[in-house]
Amino acid sequence: MIKLPRLFKTVKKEKVPTLVEWSTPSNGVFESTKGIHIWSVKSEDFAWQDYQDLLTEKEFNHILKYKNPKDRHKRAISRGILKELSASYLRTAPKDLNYDTNRFGKPFIANSNHLLQFNISHSTDYILLAFSFDPSPIGIDIEENNLDFNFLDIADQYFSDHEKDSLCCTNPSEQFFKIWTRKEAMMKAIGEGLTDELVQIDVLKDLIHLENYQGQNCHLKTFTFENKHLFSVAKSTPFEEVRFFDYR
């Protein structure tokens, strides 16, 4: 069990996440076929009813299962915006895209011959959508740096010894969420069977080798914005250019 005093015995200076500035997309953004595009959506700025027509009956019924109205709101908006953006990249109509999920629940577009990969993550205020343009799956996870959150128990259960030691730094909560979002993004990108082995997978480096999973590599990057939101992106292939867009 990690004890709080341990955090202050040897204070280390950790590499801070890259600060992001969201830009307004240009007219040619959907013509790009390189790198990674990450879109930021502030959920409170949109009404889910505006995207209701884009949802299938199955999707709508699934969203209704969320008990919290805010969760239903975010899920409906994220699904609708995902369809709008995907259709723009693929130059088709949103309703022409057929979405399915793999056996781990990760959605994909089933009826189009394309290389577009995507992933979605939600936080208290924001929805992030990540798109890439090669066969390598992508994963993204966002968290709010909540200073009141008791992260020590989770770190003790899921972090390696090296990762736990890295919490002895000037900003332990930020370091925790950096590691946690990297683990979540890695699981979403790589997929199967990683949950039980999180404690054995050290994600402090930007490139890790997963020997137990067909020798796959996982490339990781972590970003921050508004001084309180952190998010990480994971891919099995090296990162090219990463661009950040504000969806309005």
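Numbers for the structure displayed
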read-out: All strands (runs of 3 or more DSSP E) inside the range 9-123 with 3 or more residues being modelled with pLDDT of 90 or more, of a type in the set (V, I, T) and within 22 Å of R182 (Cα to Cα); value: 36-42
read-out: Test for L129: is it in the same structural domain as K58 (by TED's automatic domain parsing), in a strand (DSSP E or B) and either out of contact with any Lys or Arg (no Cβ under 7 Å at 6 or more places or on another chain) or among the polar types (S, T, N, Q) (or both); value: yes
read-out: Of all residues making up the range 23-68, the number that are without any contact (Cβ under 8 Å) to a residue 24 or more places away in the chain, loosely packed, with under 11 Cβ neighbours inside 10 Å and under 22 Å from the mean Cα position of the chain (by Cα); value: 1
read-out: When residues of the range 91-141 are limited to those that are among the polar types (S, T, N, Q) and without any contact (Cβ under 8 Å) to a residue 60 or more places away in the chain, the one nearest to R72 (Cα to Cα); value: T124
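The values are calculated or read from the model by the stated rules, or taken from the named source; none is laboratory data. Here the structure is a predicted model, which means the values were calculated and not measured. Cβ sites come from the backbone with ideal geometry, for glycine too, and all protein chains shown count toward neighbours.
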